[in-house]
Amino acid sequence: MIKRSHWSIPYIIFMVVFVVLPLLLIVMYAFQDGNGHFTLANVSRFFTDKDSLSTFALSLEIAIENTLICILLGYPAAWILANKQFNKSAVTVVLFIMPMWINALMRTLATAELFNVLGITLGKGTLLFGMVYDYIPFMIYPIYNTLSRLDKSYAEAAEDLGAAPWTVFWKITVPLSLPGVMSGVLMVFMPTLSTFAISEFLTNNKIKLFGTIIQENINSSMWNYGAALAFIMLLIIGISTLFGSGEENKAEGGLI
Amino acid sequence: MKKFIAKAYLWILLGLLYAPLVFIAIFSFTEARVLGNWTGFSTQLYTNLFTGNAGGGSALLSAVRNTLLIALIASLVSTLLGTVAAVGIHNMKGRSKAAVQFVNNIPMINPDIITGVSLFLLFVFPHFSQGYVTVVLAHITFCTPYVVLSVMPKLAQMNPNIYEAALDLGAKPSQAFWKVLVPELRPGMVTGFLLSFTMSIDDFAVTFFTRGTIGLDTLSTYIYTDARKGGLTPELRPLMTIIFLLVLVLLVVFNIRQHRAVAKSQAK
């Protein structure tokens, strides 16, 4: 009889072929020239090329701004949603997470079309607005989840001991909800940095983000440079998940 | 007063979130080819969409068909592969278990574009021709981890002895699997299947990199190409409206059911 731990073997083989090997291929292509010889030229090209660097800086800036705006607008919304005093209906919560389940491309396009009809010129402002629009549900939901599961006795104890409502909020609620904020940041920051298409739609191709130049290089058969850019993104993901290790899983549980 | 401000804040935010969707929905009921022009109420675009005539209607319909077919196959295979894998991982120990779980997390952490580019290189490396098969394989890759994660908690809750009991009482392993394990794990499998299905439908980046050059379009890639040509196919408006409503109804029904289930289990 087969041991039950062996049931994972088909999936392990599958993951080696479709997860591990492809990532190794990114590294391999990143350090090869067109003829398959080892080179550092692709990676060093990124660090010396002004265009790539400024695109990267802009993407980083947009990603940080988007994440901050999502926290600033999303946290109060999540707090109100989780507060029984203000919101008792589960439908309101559903309304906030519903956009997560609709194709981002469709929503982005609808937003861009609305801007067009209203006569608003597409540019950095509309890009940021559209990004916030696309990603804020991903910030609200994990924060809402942690806030609604908070043990109320901490806040009540603080109140009983004479803390003012603001003090309770800043010293009890906010620190306890940080894991939710962290998973929200993970679900907003990396995707913003890596989107393509969305930035093209929202700026009429005027502004390119990091994801766009990866896509352009791959599509114009410059696989090695494209892979080098993807490799740099992989490094950033590695670093950022080290900081927020483990939070991702908790956020994904029970997304519906 | 406080309550009023809180409510108002929520509704303003919701208003902003839904403005573009409502805008599309309103203009799905007029015939004008250019979005934003109102030429009177008409359901012509809906008729065009379903009969597949006019302005790229048939290409749109086939994109919808591809999207659904790919999502169905990918989520069925993912559910099976992920459930069997979850049983295996649940029974593993120590470092090998941690390693498998780590690799299982990779596709969930990676942005779509990394998954897309890495799989593109995988298929291009041995000159594997890209099309339906590669897109489905790619979707299975990013869907299965969610199935594993949905089934694992159910395994932890389950009494491990009932499967052994079935074997001791003479059930073949396959019988024990279908008659004992699957019914116990069903809620997790359903969640995993639904997650996979929606993620497959929503996907753009991974499909974009793995669909090759045979002209295979899903709804996302169709929209992308269409928008880059400038001027959206007007029939997309009724299609988007239908999808918005469908998702909304499904989510509300699903949540109400979940609330009832929770209330029931608390009442016990």
Among the residues of segment B:203-222 satisfying the criterion of being charged (D, E, K, R) and within 20 Å of A:Phe18 (Cα to Cα), which is farthest from the chain's Cα centre (by Cα)?
B:Arg211
How about segment B:122-139: which of its residues are of a type in the set (A, V, I, L, M), closer than 17 Å to B:Ile73 by Cα and crowded, with 24+ Cβ neighbours inside 10 Å?
B:Val135, B:Ala138
Note on A:Gly162: of the conditions (1) free of Cβ contacts under 8 Å to residues at least 12 places away in the same chain; (2) outside any loop (DSSP other than H, G, I, E, B); (3) surrounded by fewer than 18 Cβ atoms within 10 Å (Cβ to Cβ), unmet is (2)
Residues in segment A:116-129 that are in a helix (DSSP H, G or I), surrounded by fewer than 20 Cβ atoms within 10 Å (Cβ to Cβ) and not charged (D, E, K, R): how many?
6
Restricting segment A:222-239 to residues that are more than 10 Å from every other protein chain (Cβ to nearest Cβ) and free of Cβ contacts under 8 Å to residues at least 12 places away in the same chain, which is farthest from A:Ile62 (Cα to Cα)?
A:Met222
Considering only segment B:247-259, I want to know if a residue exists there that is at positive phi and free of Cβ contacts under 8 Å to residues at least 24 places away in the same chain.
no
Pull up segment B:37-57, narrow it to residues that are surrounded by fewer than 14 Cβ atoms within 10 Å (Cβ to Cβ) and among the small types (Gly, Ala, Ser), then point me to the one that is modelled with the highest pLDDT.
B:Ser42
Is it true that B:Leu119 is closer than 30 Å to A:Thr192 by Cβ, under 21 Å from the mean Cα position of the chain (by Cα) and either acidic (Asp, Glu) or surrounded by fewer than 16 Cβ atoms within 10 Å (Cβ to Cβ) (or both)?
no
Count of segment A:30-51 residues which are within 18 Å of B:Pro111 (Cβ to Cβ) and at pLDDT 85 or above
1
Check off (1) in a helix (DSSP H, G or I); (2) at positive phi for B:Gly36 and give me the number that stays unchecked.
(1)
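I want to confirm something. Restricting to segment A:203-229 and keeping residues that are among the hydrophobic types (A, V, I, L, M, F, W, C) and not in a helix (DSSP H, G or I), which single residue is farthest from A:Asp51 (Cα to Cα)?
Selected residue: A:Met222.
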Residue among A:Ile13, A:Ile62 that is more than 8 Å from chain B (Cβ to nearest Cβ), surrounded by 19 or more Cβ atoms within 10 Å (Cβ to Cβ) and modelled with pLDDT of 90 or more
A:Ile62
Return only the number of the condition from (1) part of a helix (DSSP H, G or I); (2) more than 9 Å from chain A (Cβ to nearest Cβ); (3) not charged (D, E, K, R) that B:Tyr18 does not satisfy.
(2)
If we only count helices (runs of 4 or more DSSP H) wholly inside segment B:91-188, which ones have 2 or more residues that are in contact (Cβ under 8 Å) with a residue 24 or more places away in the chain and in contact with a His (Cβ under 9 Å, 6 or more places away or on another chain)?
B:132-157
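For every residue, the table says whether it meets (1) over 24 Å from the mean Cα position of the chain (by Cα); (2) at the interface with another protein chain (Cβ under 9 Å from one of its Cβ atoms).
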site: B:Val124; (1), (2): yes, yes
site: B:Val133; (1), (2): no, no
site: B:Val148; (1), (2): no, yes
site: B:Asn161; (1), (2): yes, no
site: B:Asp168; (1), (2): yes, no
site: B:Lys172; (1), (2): yes, no
site: B:Gly188; (1), (2): no, no
site: B:Thr191; (1), (2): no, yes
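The values are calculated or read from the model by the stated rules, or taken from the named source; none is laboratory data. Please read all numbers here as calculations on a predicted model, not as lab measurements. A quick note on method: Cβ atoms are made from the backbone with ideal geometry, for glycine too, and the neighbour counts reach across all protein chains shown.
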